[in-house]
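Since every read-out is calculated from the coordinates, none of them should be taken as a lab result. Values in this document were obtained by computation on a predicted structure and should not be read as measured data. Cβ atoms come from the backbone with ideal geometry, glycine included; neighbour counts cover every protein chain shown.
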Amino acid sequence: MYGSHKKDYQECIENLHLHFKGEEDFLKYYREIGEDIVEKRFLNKNCEIVINPIEPLNLPKDLASTLLIELDEPVMVSPRSKSKIFAKFPIEIGVFVKGDEFRDPFDIFSLVNHKYTTYGDIKTGRICKYWKSDASQKIPTTDRYKEGVIQVNMMNTTRRWIEVTNMVFTGYGMKIYYDENMVSLMAKMIIQTEDQSETKFLNSGMRKGMRKSIETLRPKGTIPMKGEKFIMEGGI
């Protein structure tokens, strides 16, 4: 499903039914997931359709701009150390017309349920898309239409063992890459104190030859970032 499509195309995965076809002077697009149906007609029947995994923060619109991954079991990071872990994260799927200057998807859908939580104080904290994942030192197996694999390079700058339970990332600047086997995301986490760390995405695929997805999120208003970093001040 992922990639560029110039000809008629059809895909059925679980409760997803998607197809587009050139008819007369139009390209007709149809997508159905349960009762959620999207139909479009494009005046150029030869336009190229691009399907990408995108940031899991577009649906529902403008509800959250951060992703919180809770680890099934906390990870203890040794003092003054560098290490890495792999975890899973949810994905959404964006459908684009190739050549669109603004690169906005005309359709977004997801094959996973949306869950949310609050990071920080329950009254003043930030609403986050929520995902729970195992942490491992090996790349886990995933369904690439539902989940991706995130590699987190951790740096503990303190003199103490630090327990990591949550990882929070801003959606802005999320660099998603994919190939025929997996969707990937690379990030770093700098542990500054027992309760504070800094996270940032890396612009690289986990494997050679992976394609970079189109970024869809753009910053709005004031958010606790420096560039594309997120400062976790509500505990880790």
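Pairs LYS132/LYS229; LYS61/LYS132; LYS28/LYS115; LYS6/LYS88: which are spaced more than 27 Å apart, C-alpha to C-alpha? Walk me through the numbers on the way to the answer.
Values: LYS132/LYS229 22 Å; LYS61/LYS132 22 Å; LYS28/LYS115 32 Å; LYS6/LYS88 31 Å.
Listed pairs above 27 Å: LYS28/LYS115; LYS6/LYS88.
Report the calculated FRET efficiency for LYS115 and ASN46 (r = Cβ-Cβ distance, R0 = 41 Å), to the nearest 0.05.
Values: r = 40 Å, r/R0 = 0.98.
My answer for the efficiency is 0.55.
Antiparallel as a % of all DSSP beta bridges within the chain, to the nearest 5? List each step's numbers first, then the result.
Details: 70 of 84 bridges.
Just about 85 percent of them are antiparallel.
Nearest 20 debye, what's the magnitude of the dipole of the chain about its Cα centre given +1 on Lys and Arg Cβ and -1 on Asp and Glu Cβ?
Details: 36 positive and 34 negative charges, 208 e Å.
I would put it at about 1000 debye.
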Next on the checklist: Taking θ = phi - 60°, what integer Hz values does the Karplus form 6.51 cos²θ - 1.76 cosθ + 1.60 yield along segment 53-66, in sequence order, with x for Gly and Pro?
Outcome noted: x, 10, 4, x, 9, 8, 10, x, 4, 6, 8, 8, 10, 10
Checklist outcome for this item: From fewest to most C-beta neighbours within 10 Å, the residues GLU32, GLU163 line up as GLU163, GLU32
Item to check | Estimated vicinal HN-Hα couplings, Hz - segment 43-52 in sequence order (Karplus 6.51, -1.76, 1.60; Gly, Pro = x) | outcome: 5, 9, 6, 9, 5, 9, 9, 10, 10, 10
Checklist entry - Over the chain, what is the mean sequence separation of C-alpha contacts under 8 Å (at least six apart), divided by residue count, expressed as relative contact order in percent? => result 19 percent
Checklist entry - For the chain, modelled as a Gaussian network with Cα springs under 10 Å, which listed residue fluctuates most, ILE191, ILE176, ILE13? => result ILE13
Checklist entry - Across segment 104-116, in residue order, what do the Karplus-derived ³J(HN,Hα) couplings come to in whole Hz, using 6.51 cos²θ - 1.76 cosθ + 1.60 with θ = phi - 60° and x for Gly and Pro? => result 8, x, 8, 8, 9, 8, 9, 9, 10, 6, 8, 10, 9
